[in-house]
Amino acid sequence: MKAHYFLIYALCIALLLSLGDSAATAKAGKDGVYIVYMGATTPQNGASTRHKAQLLNSVLKLRKDAVVRTYKYGISGFAARLTAAEAQSIAKQPGVVSVFPDAYYQLHTTRSWEFLKYETGVDIYSDPGSPGSTSSSSHGSDTVIGIIDTGIWPESKSFDAKSSDPKLSSWNGTCMTAQDFTSTSCNGKIIGARYYNDPEDDDDDDYLTPRDFVGHGTHVASTAAGVEVQNASYYGLAAGTARGGSPGSRIAVYRVCTPAGCRSSSILAAFDDAIADGVDVLSVSLGASSLSMPDFKDDTISIGAFHAVESGITVVCSAGNDGPDSATVVNAAPWILTVAATTIDRDFESDVVLGGGKVVKGEAINFSKLQKSPVYPLMYGKTAMKSDASEASARNCISGSIDKAKINGTIVLCESKDPGYSLFEKEEEVRSQGGVGVILVDDLTRRVASTFKKFPAVVMSSKDVPEILSYINSTKNPVATILPTVATPKYKPAPEIAYFSARGPSQNSENIIKPDIAAPGVNILAAWMGNDLGGTPEGKDPSMFNVISGTSMSCPHVSGIAAVVKSHNPSFGPSEIKSAIMTTASQLNNDKSPITTHFGATATPFDYGAGEMSPTAPLQPGLVYETTTVDYLNFLCYHGYNTTTIKLIAKSIPPNFACPNNSTPDLISDINYPSISVKLGQKQSRNITRTLTNVATGDGDSSTYTLSASVGGKGVNVHVSPSQLKFTKSGQKLTYYATFSTMAGSSAEGDVFGSITWSSDKFKVRTPFVVSSS
């Protein structure tokens with residue numbers, strides 16, 4: 001039974017990898033499991049406790065098994081089986097912030113650390129005392145990274161424990177066991193493990209374990225905090241040393257996904273437990289669909305992250321894989337560190353050799369066993385068309401369009417002008433009809449190496465099609481072969497924004513730039529589950545490492561660095577860690593040119609936030625923006641929530657707090673955030689205030705920072721005062737004022753991007769901005 005469901009689950013995940021996110025959320029207004037969110041857990045709030053107890057009692061009177069789970073540590077509320085009418089009734093009760101369906105959330109997946117080292121010129125794994133060093137195998141052992149995901153494969157070498165690892169007195173978590181996950185699975189490196197059942201999945205009993213049956217959570221955990229593993233590779237590809245961003249950090253696992261999906265009630269429970277357990281960083285590589293984006297109070301990741309940040313936990317989330325369209329970014333609440341995905345300087349090259357020796361470069365991971373000489377007949381899909389098929393479907397090698405008698409023993413060229421069919425469906429059509437190989441054309445996905453485990457397949461750019469077609473049409477007996485994949489290092493240009501990486505602005509708030517930061521998320525090698533028989537190339541044993549892509553992979557890169565920053569700067573809270581990572585980011589690629597998108601356009605903050613993460617500079621940022629709880633509460637006011645609701649949501653709130661008069665979304669620009677987003681109409685100006693805190697120590701605690709500002713478009717002017725910030729001690733706060741205005745005789749059109757940078761002799765603190773026409 002278990003194996004049967006694992007195969008179904010693996011197939012579902014494979015579809016997610018190839019097709020990106022799909023809408024899978026429950027619809028409001030139907031009977032089922034609902035989450036009743038009642039804000040923060042505050043012992044001093046007796047009224048809130050009474051309201052919760054009364055509601056629980058009333059629900060239990062409806063039916064004994066109604067309550068699925070309760071939230072009690074950092075979050076107040078419960079999940080229960082309710083009718084739509086019951087849910088609507090509860091939503092009107094005192095003390096209730098929101099009631100919403102228990103939706104399914106999506107995984108965000110479709111040599112990275114060495115590339116980041118190359119970009120900065122600093123070895124991030126050198127000795128702890130060396131300049132710019134961030135970590136050794138033991139540094140960071142005082143931090144815990146919580147992974148909310150599909151579980152973990154504890155036998156992976158990436159999670160080997162060190163005998164020298166001290167016990168953490170601050171850790172309050174537990175190691176939930178199962179038949180396949182004993183107490184020894186929590187070995188000191190893995191110090192916590194929990195799992196959550198799906199309340200509406202009858203077959204969930206087979207998966208009551210923290211063990212990973214997908215591979216995704218294992219990959220994420222090892223990227224964030226895996227120890228150094230020599231000679232790691234994916235069947236010889238991407239060979240080298242695998243390690244996480246903070247290899248000394250401990251790992252706490254919260255398995256929220258089952259074969260049916262990742263339930264929002266489980267995700268909220270994981271946040272609640274993580275707050276009580278005492279993690280330092282939470283890494284969340286999943287989210288809602290951008291097609292059905294919930295509001296902040298109806299989004300369990302937004303809710304859980306708010307309460308985690310209130311408790312001092314840095315929450316890092318993937319931006320989603322619904323790019324390259326604009327306004328697709330998810331996990332966009334300002335208290336979340338939202339991560340976009342970029343490429344690294346490694347390509348997986350699989351070449352096509354035409355008759356006469358002409359080589360055409362392609363991209364894919366395959367294990368082709370074809371002869372290296374071009375001896376296989378080469379045919380265009382249109383030529384192999386069935387009599388009852390359309391020419392367009394045959395060109396694209398759509399299922400049922402290819403004549404088996406025509407392509408038997410041949411390599412087929414398939415175009416990609418029908419986005420309704422994946423590369424893997426076209427590969428299957430050629431393979432099932434007797435072809436020996438396939439050349440797939442796809443400009444969008446070409447840099448993301450698709451893995452074809454059991455058939456010679458390669459992905460090419462459309463610019464190469466005319467050359468191949470010319471050869472086919474001008475040759476009596478065209479032939480070709482497909483060579484097996486080789487990894488090519490030092491690829492340029494890199495990084496580049498991944499085509500799938502979700503873009504800003506946020507649908508929920510255009511007055512905050514999202515995503516916040518970018519990190520490697522394409523063709524990432526990391527640990528994998530050890531029983532992936534379905535993902536094993538023919539004649540090979542399962543690999544303990546895998547190469548996959550997605551903002552799921554970029555997120556743990558940032559989670560790892562966040563843990564290192566916390567270890568080096570124990571006094572930093574979540575907003576200081578976020579600021580340190582954002583204000584020290586890079587906007588240049590390895591050609592020392594501006595980072596570009598997949599299509600070659602210069603990237604903007606809506607593509608990558610502040611830029612590509614640096615693995616070393618955030619350790620000593622010089623200055624930081626401290627975004628306080630009151631900033632976040634004001635954000636909720638400006639977003640449209642009233643004072644009564646906000647007082648339920650927040651754990652620590654000033655006694656006299658009230659939403660400002662005339663709260664509007666435009667005022668969101670005023671919260672003390674490490675980026676700036678403003679809206680301007682014609683002949684308008686907008687004044688923005690920002691406050692920086694000096695966190696430099698030693699020689700840097702007394703420094704003068706000089707202003708430089710740049711505007712990357714026409715029609716907008718920015719004036720910043722003062723022109724210098726003179727800090728005399730660590731901890732000192734200074735404020736600057738920025739006025740954005742439309743220039744005389746012109747008006748801003750579209751989005752104008754720029755930056756405000758403060759530079760001293762040691763530090764550079766950069767703040768991106770966008771001015772949008774309203």
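Brief remarks follow.
- Yes/no for Asn672 being surrounded by fewer than 16 Cβ atoms within 10 Å (Cβ to Cβ) and in a loop (DSSP other than H, G, I, E, B): no
- Applying the condition of being assigned to a loop (DSSP other than H, G, I, E, B) and β-branched (Val, Ile, Thr) to the range 680-726 and asking which residue is surrounded by the most Cβ atoms within 10 Å (Cβ to Cβ) yields Val695.
Residues are listed down the side, and each one gets a yes or a no for (1) more than 21 Å from Ser554 (Cα to Cα); (2) surrounded by fewer than 24 Cβ atoms within 10 Å (Cβ to Cβ); (3) modelled with pLDDT of 95 or more; (4) of a type outside the set (S, T, N, Q):
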{"residue": "Ala260", "(1), (2), (3), (4)": "yes, yes, no, yes"}
{"residue": "Ser264", "(1), (2), (3), (4)": "yes, no, yes, no"}
{"residue": "Ala276", "(1), (2), (3), (4)": "yes, yes, yes, yes"}
{"residue": "Val279", "(1), (2), (3), (4)": "no, no, yes, yes"}
{"residue": "Ser283", "(1), (2), (3), (4)": "no, no, yes, no"}
{"residue": "Ala288", "(1), (2), (3), (4)": "no, no, no, yes"}
{"residue": "Asp295", "(1), (2), (3), (4)": "yes, yes, no, yes"}
{"residue": "Ile301", "(1), (2), (3), (4)": "no, no, yes, yes"}
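- Scanning the range 172-200 for residues that are touching a strand residue (DSSP E or B) at 6+ places or on another chain (Cβ under 6 Å) and of a type in the set (A, V, I, L, M, F, W, C) turns up Cys175, Met176, Phe181, Cys186, Ile190, Ile191, Ala193.
- With respect to (1) more than 30 Å from Val97 (Cα to Cα); (2) buried (at least 24 other Cβ atoms within 10 Å of the Cβ); (3) more than 20 Å from the chain's Cα centre (by Cα), the lone exception for Phe635 is condition (1).
- Screening Thr241 with (1) out of contact with any His (no Cβ under 8 Å at 6 or more places or on another chain); (2) assigned to a loop (DSSP other than H, G, I, E, B) gives one miss only, at (2).
- Residues located in the range 67-98, provided they are hydrophobic (A, V, I, L, M, F, W, C) and either buried (at least 17 other Cβ atoms within 10 Å of the Cβ) or touching a Leu at 6+ places or on another chain (Cβ under 8 Å) (or both): Val67, Val68, Ile75, Phe78, Ala79, Ala80, Leu82, Ala87, Ile90, Val96, Val97
- Cβ-Cβ distances below 7 Å connect the following pairs, each with a first residue in the range 446-472 that is more than 24 Å from Ile344 (Cα to Cα), a second residue that is buried (at least 16 other Cβ atoms within 10 Å of the Cβ) and among the hydroxyl-bearing types (Ser, Thr, Tyr), and a separation of six or more residues or different chains: Pro456/Ser368; Leu469/Tyr380; Ile472/Tyr380.
- Here Phe657 meets the list (1) under 23 Å from Leu692 (Cβ atoms); (2) part of a loop (DSSP other than H, G, I, E, B); (3) of a type in the set (A, V, I, L, M, F, W, C) almost entirely, failing just condition (1).
- Leading residue by the ranking (surrounded by the most Cβ atoms within 10 Å (Cβ to Cβ)) among those in the range 471-485 that are in contact with a strand residue (DSSP E or B) (Cβ under 7 Å, 6 or more places away or on another chain) and not polar (S, T, N, Q): Ile482
- Residue under evaluation Arg431, criteria (1) within 30 Å of Ile497 (Cα to Cα); (2) part of a helix (DSSP H, G or I), criterion not met: (1)
Residue-by-condition table, conditions (1) out of contact with any Pro (no Cβ under 9 Å at 6 or more places or on another chain); (2) closer than 25 Å to Pro618 by Cα:
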position: Thr241; (1), (2): yes, yes
position: Gly244; (1), (2): no, yes
position: Tyr254; (1), (2): no, no
position: Pro259; (1), (2): yes, no
position: Cys262; (1), (2): yes, no
position: Ser266; (1), (2): no, no
position: Ala276; (1), (2): yes, no
position: Asp299; (1), (2): yes, no
position: Val309; (1), (2): no, yes
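- Filter result (under 19 Å from Ala79 (Cβ atoms), in a helix (DSSP H, G or I) and out of contact with any helix residue (DSSP H, G or I) (no Cβ under 7 Å at 6 or more places or on another chain)) within the range 273-296: Asp273, Ala276
- Whichever residue in the range 441-470 is exposed (fewer than 15 other Cβ atoms within 10 Å of the Cβ) and among the polar types (S, T, N, Q) and, among such residues, is modelled with the highest pLDDT: Ser470
- For the range 407-454, residues that are polar (S, T, N, Q) and closer than 21 Å to Gly521 by Cβ total 4.
- On the stretch given as the range 558-592, residues that are within 22 Å of Arg250 (Cβ to Cβ), among the small types (Gly, Ala, Ser) and not in a helix (DSSP H, G or I) total 2.
- Looking only at residues in the range 308-367 that are aliphatic (A, V, I, L, M) and touching an Asp or Glu at 6+ places or on another chain (Cβ under 6 Å), the one that is farthest from Ile653 (Cα to Cα) is Val359.
- Checking Tyr235 against (1) of a type in the set (Ser, Thr, Tyr); (2) in contact with a helix residue (DSSP H, G or I) (Cβ under 7 Å, 6 or more places away or on another chain); (3) at pLDDT below 95, the condition it does not meet: (2)
- Number of residues in the range 356-401 that are surrounded by fewer than 17 Cβ atoms within 10 Å (Cβ to Cβ) and farther than 26 Å from Asp418 by Cβ: the value is 9.
- Set side by side, the residues Ser652, Ser677 differ, and just one is touching an Asp or Glu at 6+ places or on another chain (Cβ under 9 Å) and in a loop (DSSP other than H, G, I, E, B), which is Ser652.
- So Gln684, is it over 20 Å from the mean Cα position of the chain (by Cα) and modelled with pLDDT under 95: yes
- Yes/no for Ala193 being touching a Cys at 6+ places or on another chain (Cβ under 9 Å), in a strand (DSSP E or B) and in the same structural domain as Thr314 (by TED's automatic domain parsing): yes
- Selection count where residues are touching a Pro at 6+ places or on another chain (Cβ under 9 Å) and either surrounded by fewer than 19 Cβ atoms within 10 Å (Cβ to Cβ) or under 30 Å from Gly698 (Cβ atoms) (or both), scope the range 588-608: 7
- In the range 358-381, the residues that are touching a helix residue (DSSP H, G or I) at 6+ places or on another chain (Cβ under 9 Å) and not small (Gly, Ala, Ser): Lys358, Val360, Lys361, Pro377, Leu378, Met379, Tyr380
- From the list Arg211, Arg255, the one residue that fits, being at pLDDT 95 or above, more than 30 Å from Ala327 (Cα to Cα) and surrounded by 22 or more Cβ atoms within 10 Å (Cβ to Cβ), is Arg211.
The values are calculated or read from the model by the stated rules, or taken from the named source; none is laboratory data. Quick caveat, the model's predicted, so the values are computed rather than measured. Glycine gets a Cβ as well: all are built from the backbone with ideal geometry, and neighbour counts include every protein chain shown.
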